[in-house]
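Worksheet: the structure to be examined is printed underneath.
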Amino acid sequence: MIVRELAILTFVTLDGVMQAPAMPDEDRSGGFTNGGWAAPYWDEVMSQVRREAMAQAYDMLFGRKTYDLFAGHWIGVKGDPAADMMNAATKYVATSSPETLNWTHSHAITGDVASKVAGLKNQDGPLLQVHGSGELIQALMAADLVDEYRLWTFPTLVGPGKRLFQSGYGRKNLKLSKSEACRNGVVMNIYRRDTES
């Protein structure tokens, strides 16, 4: 059986924080006051993201907070290739409020999220791509469901905040499949699961 892959697409600071890259008020949990750290780098980075991670068909997998942020921005946007792909994509959302999903092609995931996502990986379909969604990513990594890490590392330090790689996952070897730096100092690294180790 062919199992479709799951990739995470994440922006991180040089010191490993993934919390609130886009806006100051995106996620202030834990007293985080350094939101919006990626915004000064956006234009060149988003061009690269569209080219490297959003040009081929994909389904999207979200935590609820990130879903609401994306939906609030992209619903109704037309004539932009990235927006058209996102609006047409199937969206799976880990949520306890499935009745409030209002973006087209959205489906709730409730209960044991890791087992539900494992089930999605065993279905026919395009790549499952996770955008942001820190808590969801932690659950997927803990369940060893991530096949590819699409990371954009920004040349900024923010100190305390939610980190992409936390403790408790054990050793995992990855292979670098692609790396490319932007002129503004942001570096894209795409790592794949090392199946030979």
Matching residues in segment 100-143 - criterion: being closer than 22 Å to residue 29 by Cα and in a strand (DSSP E or B): 130, 131
Residue check for residue 78: of a type in the set (Lys, Arg) and either within 16 Å of the chain's Cα centre (by Cα) or assigned to a helix (DSSP H, G or I) (or both): no
Among residues of segment 39-75, those that are in a loop (DSSP other than H, G, I, E, B) and either among the hydrophobic types (A, V, I, L, M, F, W, C) or more than 18 Å from residue 150 (Cα to Cα) (or both), counted: 4
Unique match (being of a type outside the set (S, T, N, Q), within 28 Å of residue 32 (Cβ to Cβ) and in a strand (DSSP E or B)) among 146, 93, 158: 93
Residue pairs meeting the criteria (Cβ under 6 Å; at least 6 apart or on separate chains; first under 16 Å from residue 60 (Cα atoms), in segment 95-106; second in a loop (DSSP other than H, G, I, E, B)): 103/75; 105/90
Single residue of segment 110-126 satisfying the filter (of a type in the set (D, E, K, R) and more than 18 Å from the chain's Cα centre (by Cα)) that is surrounded by the fewest Cβ atoms within 10 Å (Cβ to Cβ): 124
Scan of segment 157-188 for residues that are farther than 15 Å from residue 10 by Cα and of a type in the set (Val, Ile, Thr), ordered by number: 158
Neighbours by Cβ (under 7 Å, 6+ apart or cross-chain): first from segment 56-80, of a type in the set (Asp, Glu); second not in a strand (DSSP E or B): 59/89; 59/90; 59/125; 59/126
Candidate set from segment 146-164 (those that are surrounded by 13 or more Cβ atoms within 10 Å (Cβ to Cβ) and of a type in the set (A, V, I, L, M, F, W, C)); member that is nearest to residue 47 (Cα to Cα): 152
Only listed residue being basic (Lys, Arg) and either surrounded by 13 or more Cβ atoms within 10 Å (Cβ to Cβ) or within 20 Å of residue 138 (Cα to Cα) (or both), chosen from 78, 91: 91
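Since every read-out is calculated from the coordinates, none of them should be taken as a lab result. None of the values given here were measured: they were computed from a predicted structure. Heads up, the Cβs are rebuilt from the backbone with ideal geometry, glycines too, and the neighbour counts pull from every protein chain shown.
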